[in-house]
1. Return the pair list, or none, for Cβ contacts closer than 6 Å from residues in segment 340-353 that are closer than 15 Å to Leu311 by Cβ and open to solvent by 30 Å² or more (accessible area, probe 1.4 Å) to residues that are assigned to a helix (DSSP H, G or I) and not acidic (Asp, Glu), at least 6 apart or on different chains.
2. Looking at segment 260-270, can you tell me whether even one residue there is assigned to a strand (DSSP E or B), at pLDDT 95 or above and farther than 30 Å from Glu19 by Cβ?
3. Whether any residue in segment 64-77 is farther than 30 Å from Leu288 by Cβ, open to solvent by 50 Å² or more (accessible area, probe 1.4 Å), without any contact (Cβ under 8 Å) to a residue 60 or more places away in the chain and out of contact with any Ser or Thr (no Cβ under 7 Å at 6 or more places or on another chain) is what I want to check.
4. Cβ-Cβ distance below 9 Å, separation of 6 or more or different chains: which pairs start in segment 86-110 with a residue that is closer than 13 Å to Thr131 by Cβ and in a helix (DSSP H, G or I) and end on one that is of a type in the set (D, E, K, R) and open to solvent by 10 Å² or more (accessible area, probe 1.4 Å)?
5. Using beta carbons and a limit of 6 Å, which pairs, at least six apart or on different chains, have the first residue in segment 29-52 and over 11 Å from Met249 (Cα atoms) and the second one open to solvent by 70 Å² or more (accessible area, probe 1.4 Å) and part of a helix (DSSP H, G or I)?
6. Would you call Glu191 in a loop (DSSP other than H, G, I, E, B) and either surrounded by fewer than 23 Cβ atoms within 10 Å (Cβ to Cβ) or not β-branched (Val, Ile, Thr) (or both)?
7. Under 6 Å by Cβ, and 6 or more places apart or on different chains, what pairs join a residue from segment 240-265 that is farther than 22 Å from Glu43 by Cα with one that is of a type in the set (Ser, Thr, Tyr) and open to solvent by 10 Å² or more (accessible area, probe 1.4 Å)?
8. Report, by residue number, each residue of segment 81-94 that is within 20 Å of the chain's Cα centre (by Cα) and crowded, with 16+ Cβ neighbours inside 10 Å.
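The values are calculated or read from the model by the stated rules, or taken from the named source; none is laboratory data. These numbers were taken from a predicted model, which means no experiment stands behind them. For neighbour counting, all protein chains shown are included, and Cβ atoms are generated from backbone atoms with ideal geometry for every residue, glycine included. With ligands, DNA and RNA removed, areas are computed over all heavy atoms of the protein, side chains included. Shrake-Rupley method; radii C 1.70, N 1.55, O 1.52, S 1.80 Å.
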Amino acid sequence: MLNLSVGEPDFPMPELAREYARKTIEEGRNRYTDVTGIPELRERIQRKLAEDNDLDYAPGDIVVANGAKHALFNAFLALCGERDEVIVPAPYWVTYPEQVRLTGAEPVIAPTGEGFTLTADLLETVVTPQTKAVVLNSPANPTGATYSKPELEALAEVVLRHDLYVVEDLIYEYFHYGDSPVPSIASLGPELQDRTVIVNGVSNSCAMTGWRVGYTAAPQAITQLIRRLQGQATSNVSIVAQYAAIGAMDSVPWAEIKSYRPRRDLAHHRLASISGVRCAVPAGAFYLFPNVAELLGDQCQTSDEFCAQLLADTGVGLVPGSGFGAPDHIRLSYAVDVPVLEAALDRLAEFAAN
């Protein structure tokens, strides 16, 4: 079995994170913390947002959650209710529309352009009087699409004109292959920051998916709602995980993160050489999202059948695009050792040829 379906880094977590976790246990720190997180972690997140994203938040504007997925749910619950609409650009991470539905609101799936980013013109076509918020994921899962500052500026004009909120998921921001950092729409000015909920965490950047440490940064009124919601749902994140997250943020494994660009280039080159496969070059994350419509037919009529048959015949595990709102596509993760990646692409090429 060669598994390219899992969306998590393959490098070890930072040693400093392990050290902080061990020290927390040895010192007997095993009590409740503030619902929003320990002050030391919220202050470290505050510094990170200032240094990396040019954003000015107070520690009181930050809530530490049980992973970025929990942080997203908190954001949707705080912002949305019955009869509200939330615009979700497709392809999308599978959880966005389901979490929106759980709040009683309705996800409105918006088309994206050739590069899988939502344009201002496309956003304008789906806004209604019921629209409460729009989701932006940059770099994105499953496409790796990343918004540029000019694209965000154009979207910001629509957001402000229609009095919308933005839920901005930046969990993959360090996995970016451009020359400059990933911009945040909240950094475009106070009006945008007042209408944005930033979601991030250490799961991907520090290979700590199982530790479940995410966070939101938002205006105080929204943060107070999130605090009240979390206080009745989970209370605080594990104190050991919180201290480990500080160590992780102090020792981000940049060398390991940089190793993903040549893997992206290798995998994209191999995919582009397969007849019937079309694949954009992603600017970030660690996924490729090729279009396999030309390979679908009598034997495999959908991407679900394609992935199931590929698994049965070759032992290669990929994810069908149907769950992401793009049924003609498949998702593969290149966050694996290069020999595994090469062997899986060999099998995929042979399968496609047959």
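1. From residues that are closer than 15 Å to Leu311 by Cβ and open to solvent by 30 Å² or more (accessible area, probe 1.4 Å), the pairs are Arg347/Thr314; Phe351/Leu310; Phe351/Thr314.
2. Within segment 260-270, the first condition is being assigned to a strand (DSSP E or B), and the residues that meet it are none.
Checked segment 260-270: no residue is assigned to a strand (DSSP E or B), at pLDDT 95 or above and farther than 30 Å from Glu19 by Cβ.
3. No, segment 64-77 has no match at all.
4. As it stands, the answer is Val100/Asp84; Val100/Glu85; Val100/Glu106, since those pairs meet every condition given.
5. Val35/Arg227; Thr36/Arg227
6. Against the criterion (in a loop (DSSP other than H, G, I, E, B) and either surrounded by fewer than 23 Cβ atoms within 10 Å (Cβ to Cβ) or not β-branched (Val, Ile, Thr) (or both)), Glu191 does not qualify.
7. Ile257/Tyr174; Arg261/Tyr177
8. Answer for segment 81-94, where residues must be within 20 Å of the chain's Cα centre (by Cα) and crowded, with 16+ Cβ neighbours inside 10 Å: Val86, Ile87, Val88, Pro89, Ala90, Pro91, Tyr92, Trp93.
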